[in-house]
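**Q** This is the structure I want to talk about, given as structure tokens.
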Amino acid sequence: MNSKSGAKSEVRKIQLTGGSTYIVSLPKSWVIQHGLKARDQVRIEWRPSGTLRVIADASSVVKQREVKINCNEIPDHMIFDHLVASYLSGAHRIIISSPIELSRVQRKILREFIKSTRGLEITNDQGREIEMISLLNPSEMPLFSSINRMYLLISRQIRDFSEVLMGGNIDILDDSSEIENEVDALRLLLERQAGQVLESASIEDSLGTSRWEAAELCKLVRTLERMGDHSYALCDLAKSHKVPDLLNMDSLPLSIIPVWHISIKLLVSNLKNRNFSEIHDAKSQLISAQEDLLQYEEVLRASDVDISDALFLDRVSESLRRICAYSINMAEILMNIQTHRDSLERFG
């Protein structure tokens, strides 16, 4: 046996016992770490790659990741980033401490962080130390349901934006910042879950996705979050600037919106379906829409449209073009996932 101190793998010889059974012994340190003993059962899975996975189903050991943050070592403007990093690491418990009483500014950052995430609650506040724990079981939030929720929120924002531009009540955009925050919170939750899938076989099984697919879904979630940034930017534009009178849903740039709605709906439906032709159609429509918007922007810059109206239209076109670009990325990620699902591994 070759092993290194602290290593996560060991090389062991296959032994033949009884003339017909091959066995490999388990490392003693692994057995002790998982609280197992002689005659306990372990589950062995044969993975598609050909590797075997040993799972300590009978283990009584509960692992919980803990992160400690010392505010004395971090500038206030970086505390939020460290909290997000702790959350994405899969920490069950986050402890924030300071040699003196936590300031109002620091406490405000903690409240904003809790609002920006899912399942975290403060369980202990001692003035100089605050403890937060995660109450959310990762297997209770299916990945695909959360992704679908992100899509619905972004789609709703763009529909509201379209309605306001066509004369609808501006008040329907009042909750646009709340929708933006929810999209961001879902993105963080999904990235946290994807990280936990990469580390835990049981979470991988409960969420019904492979480690490879979880990594691809992480990329997909980021593209959705960036679409959400631009859908929010459109709503903010409509709230803070005068809408030009010459806008029409049947002409550019707004005529792209129905094309995007149809395409993104096809893509989201193929998170679970396996229809390459639908993904191809959606990507082709989005590429065409992106090219139309680029040409529109070139014509707009050379036109005699009033400067304030031209700037408004250019910003609308740019955000819609970027939303189409991110949707194209989503189509490519889905093709990666589908190809991996359909692939066959051969030995020899």
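**Q** Check Ile69: other-chain or 5+ apart residues with amide H under 5 Å from its amide H, H built from backbone geometry?
**A** Result for Ile69 returns Ile95, Ile96, Ser97.
**Q** To make sure I understand the rule: partners must be lysines, Cα under 17 Å from the Cα of Lys37, and not fewer than 8 residues away in the same chain. Which ones qualify?
**A** Counting by Cα, and skipping residues close in sequence, Lys37 has these lysines nearby: Lys28.
**Q** Set Lys and Arg Cβ to +1 and Asp and Glu Cβ to -1, take the dipole of segment 186-228 about its Cα centre, and tell me which of Trp212, Ser200, Met227 lies farthest positive.
**A** Met227
**Q** Based solely on its DSSP helices, what 222 nm [θ] is calculated for the chain when runs of n ≥ 4 H residues each add -39,500 (n - 2.57) and the sum is averaged over all residues, nearest 500 deg cm²/dmol?
**A** Computed ellipticity for the chain at 222 nm equals -19000 deg cm²/dmol.
**Q** Where the only charges are on Cβ atoms (+1 Lys, Arg; -1 Asp, Glu), what is the dipole of segment 66-134 about its Cα centre, to the nearest 20 debye?
**A** 200
**Q** Still on this structure, please answer the following. In debye, nearest 20, what is the charge dipole magnitude of the chain about its Cα centre with +1 on Lys and Arg Cβ and -1 on Asp and Glu Cβ, if you could check?
**A** Here the chain has a charge dipole of around 2320 debye.
**Q** For segment 64-109, state which trypsin sites (Lys or Arg not before Pro) are in a DSSP loop and have at most 14 other beta carbons lying within 10 Å of their beta carbon.
**A** When the trypsin sites (Lys or Arg not before Pro) of segment 64-109 are filtered for loop state and at most 14 Cβ neighbours within 10 Å, Arg65 remain.
**Q** Let me ask you something else. What order, most packed first, do the peptides 307-319, 226-238 have when packing is the mean number of other Cβ atoms within 10 Å of each residue?
**A** 226-238, 307-319
**Q** Which order results if Glu121, Glu180 are arranged by neighbouring Cβ count within 10 Å, fewest first?
**A** Least to most surrounded, the residues fall as Glu121, Glu180.
**Q** With only Lys, Arg, Asp and Glu charged, each at its Cβ (+1 for the first two, -1 for the last two), find how big the charge dipole of segment 140-200 is about the Cα centre; round to the nearest 20 debye.
**A** For this selection, approximately 280 debye.
**Q** I would also like to ask the following. Among the complete DSSP H segments of the chain, which ones combine at least 15 Å of alpha-carbon extent along their axis with a mean Kyte-Doolittle hydropathy of 1.6 or more?
**A** Sorted by number, the helices that extend far enough and score high enough are 256-269.
**Q** Of (i) 34; (ii) 30; (iii) 40, which one was derived for percent of Cα pairs over 36 Å apart from the structure shown?
**A** Structure-derived value, by its label: (iii).
Each value in this text was obtained by applying a stated rule to the coordinates, not by laboratory testing. Since we're looking at a predicted model, the values are computed, not measured. For neighbour counting, all protein chains shown are included, and Cβ atoms are generated from backbone atoms with ideal geometry for every residue, glycine included.
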